[in-house]
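J.: Starting off with a structure, shown below.
The values are calculated or read from the model by the stated rules, or taken from the named source; none is laboratory data. On a predicted model such as this, the values are computed, not experimentally measured, just so you know. Neighbour counts run over all protein chains shown; Cβ positions are idealised from the backbone, glycine included. These accessible areas exclude ligands, DNA and RNA; they are computed on the full protein's heavy atoms, side chains included. Shrake-Rupley method; radii C 1.70, N 1.55, O 1.52, S 1.80 Å.
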2 protein chains.
Amino acid sequence: MSRGSETRDRIMDVAQDAILAKGFDATSIEEIVANAEITKSGFFYHFKDKNALAHALIERHIVIEDEIFDDLEARAKELSDDPLQRMLIGLKLLAELLDDIPDGHPGCIVATAAYQDRLFDKDVREANLRAVLGWRQRFKRQFEEIAKLYPPKEDVDLAALADMVSSTVEGGLVMSRALNNPAITSEQVMLLRSYVKLLFAPRMH
Amino acid sequence: MSRGSETRDRIMDVAQDAILAKGFDATSIEEIVANAEITKSGFFYHFKDKNALAHALIERHIVIEDEIFDDLEARAKELSDDPLQRMLIGLKLLAELLDDIPDGHPGCIVATAAYQDRLFDKDVREANLRAVLGWRQRFKRQFEEIAKLYPPKEDVDLAALADMVSSTVEGGLVMSRALNNPAITSEQVMLLRSYVKLLFAPRMH
DNA sequence: GGCAGTACTGTACCCGTGGTACAGTTTTTG
DNA sequence: CAAAAACTGTACCACGGGTACAGTACTGCC
């Protein structure tokens, strides 16, 4: 990796920390450059404006988030052959992961972008859209596999159910911020898990 | 109502429309005063700063939201005596309401405040917290009534379940913004309804 | 009718932040 | 060693939040 890329990454790391802690607007460029030990000119050498920074952060975030989900899926795959069990294990692991992350949760950036929509340009919104659609596809595929083996007890749209995973995390993050209680998000994921169980698991007596 | 209150309300109406459409930061005071047909000095006569505006909007919002929920509960009560049926009816009505609202959804303001947390002062955050805790109490009470009659099929914390109502709406709003699809929110509420049904409804063959 | 509030208007100004312009300097690389 | 990449430094502009304060127009009340 060249020197330029290192500096770029450092700027992004510093910016991400600040944005997760305070929000995009509340994070000034001056503050970023101070913490990244660079000058304002240096910042604008790497990013043409603040939008470009947001765009780069979201793109990077999509990759990391995808890796996390790949990892969760792989670990669940090791533990069970059954797609329903794998989903239940995956959701448990996700809940644990959300509990372990000390302060800044992943996923926030997407919601921040979604909520301050008009603040960002087309590029940023499109990247955001791509991320959310990617997650939908991922979970939809998993739910389709489950539904093949276990007919759902209610008539649900599997795409909407797939969105429910993202929606639960995002909603949980909003609530945990509002209630100032980081445990909320994993709690909500565990409720989603309970729903998936009731929806697909065969009745046992 | 005095002349002053009318102007104050007009400022708040104009501000709310703009904030729901573009976010708090993206809405400038200059823009608000132009649309409210008042001067900047007039604005600062009614609100000491932008924070005071946010605070007033959230306070007003809590009252309106409460009225909406009261109304939904009352309408559900007319249609059934059974607490579970009432909850299912209430959630259906909520989904319909979220579908009918053309563009700016209610509930946004709370999430906006939650997500741009550090932008607001203590007063605003406390008002926000009060709102969310109020909703938790409301739904918790309803779920407790249900659980008395219908033992839940999974061991769930009823407070967390109560939070799931708010969380679903907030998550749905984030997703609907990210996907640019207003139907998402009501979809998610209907999935929550399906969960409540599976969780409490007795098994019928 | 007059007078004290209340509800503003108008002007002028300060500061922080995003962003531009551009010349000069250092570092890396072929 | 030269060119390109990666910066630094300085100076500057526009916009938005916010202050200060003097003046003006309604409004209710004795």
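J.: Are any of the residues in the stretch A:159-172 modelled with pLDDT of 95 or more, under 23 Å from B:Asn181 (Cβ atoms), more than 7 Å from every other protein chain (Cβ to nearest Cβ) and more than 17 Å from the chain's Cα centre (by Cα)?
T.: Yes, the stretch A:159-172 contains a residue that is modelled with pLDDT of 95 or more, under 23 Å from B:Asn181 (Cβ atoms), more than 7 Å from every other protein chain (Cβ to nearest Cβ) and more than 17 Å from the chain's Cα centre (by Cα).
J.: Can A:Lys22 be described as open to solvent by 50 Å² or more (accessible area, probe 1.4 Å), closer than 14 Å to A:Arg8 by Cα and either within 14 Å of chain B (Cβ to nearest Cβ) or not β-branched (Val, Ile, Thr) (or both)?
T.: When the stated conditions are applied, A:Lys22 does not pass them.
J.: If a residue must be open to solvent by less than 40 Å² (accessible area, probe 1.4 Å) and either within 11 Å of DNA strand D (Cβ to nearest atom) or closer than 30 Å to B:Val174 by Cβ (or both), how many such residues does the stretch B:1-15 contain?
T.: The qualifying residues number 5.
J.: Please determine, by comparing only the residues of the stretch A:37-72 that are of a type in the set (Gly, Ala, Ser) and under 21 Å from A:Leu133 (Cα atoms), which one is nearest to DNA strand C (Cβ to nearest atom).
T.: Per the criteria, the residue is A:Ala54.
J.: Ok, one more. Taking the condition of being near DNA strand D (Cβ under 8 Å from one of its atoms) and of a type in the set (S, T, N, Q), how many residues in the stretch B:16-73 meet it?
T.: Here the count works out to 4.
J.: B:Glu59 fails exactly one of the following numbered conditions: (1) over 30 Å from A:Lys22 (Cβ atoms); (2) in the same structural domain as B:Asn181 (by TED's automatic domain parsing). What is the number of that condition?
T.: Unmet for B:Glu59, out of (1) over 30 Å from A:Lys22 (Cβ atoms); (2) in the same structural domain as B:Asn181 (by TED's automatic domain parsing): (1).
J.: Mind listing whichever residues of the stretch A:1-49 are at pLDDT below 95 and among the acidic types (Asp, Glu)?
T.: Residues satisfying the conditions are A:Glu6, A:Asp17, A:Asp25.
J.: Identify all residues within the stretch B:44-87 that are in contact with a helix residue (DSSP H, G or I) (Cβ under 7 Å, 6 or more places away or on another chain), more than 26 Å from A:Ala178 (Cα to Cα) and part of a helix (DSSP H, G or I); write none if there are none.
T.: B:His46, B:Arg75, B:Ala76, B:Lys77, B:Leu79, B:Pro83, B:Leu84, B:Arg86, listed by residue number.
J.: Given the criterion among the acidic types (Asp, Glu), modelled with pLDDT under 95 and over 29 Å from B:Ala26 (Cβ atoms), identify the matching residue among A:Asp155, A:Asp100.
T.: The unique qualifying residue is A:Asp100.
J.: Would you mention how many residues in the stretch B:26-43 are under 29 Å from A:Phe120 (Cβ atoms) and part of a helix (DSSP H, G or I)?
T.: Within the stretch B:26-43, residues that are under 29 Å from A:Phe120 (Cβ atoms) and part of a helix (DSSP H, G or I) number 9.
J.: Moving on to the next point. Going by what's in this entry, would A:Leu84 be described as touching a residue at least 24 places away in the same chain (Cβ under 8 Å), of a type outside the set (Gly, Ala, Ser) and surrounded by 14 or more Cβ atoms within 10 Å (Cβ to Cβ)?
T.: Considered against the rule, which asks whether it is touching a residue at least 24 places away in the same chain (Cβ under 8 Å), of a type outside the set (Gly, Ala, Ser) and surrounded by 14 or more Cβ atoms within 10 Å (Cβ to Cβ), A:Leu84 comes out as yes.
J.: Where residues in the stretch A:181-205 are of a type in the set (S, T, N, Q) and more than 7 Å from chain B (Cβ to nearest Cβ), which of them is surrounded by the most Cβ atoms within 10 Å (Cβ to Cβ)?
T.: Applying the filter and picking the extreme gives A:Thr185.
J.: Please give the number of the condition A:Arg130 fails out of (1) open to solvent by 20 Å² or more (accessible area, probe 1.4 Å); (2) more than 12 Å from every other protein chain (Cβ to nearest Cβ); (3) at pLDDT below 95; (4) under 15 Å from the mean Cα position of the chain (by Cα).
T.: It fails just one condition, (2).
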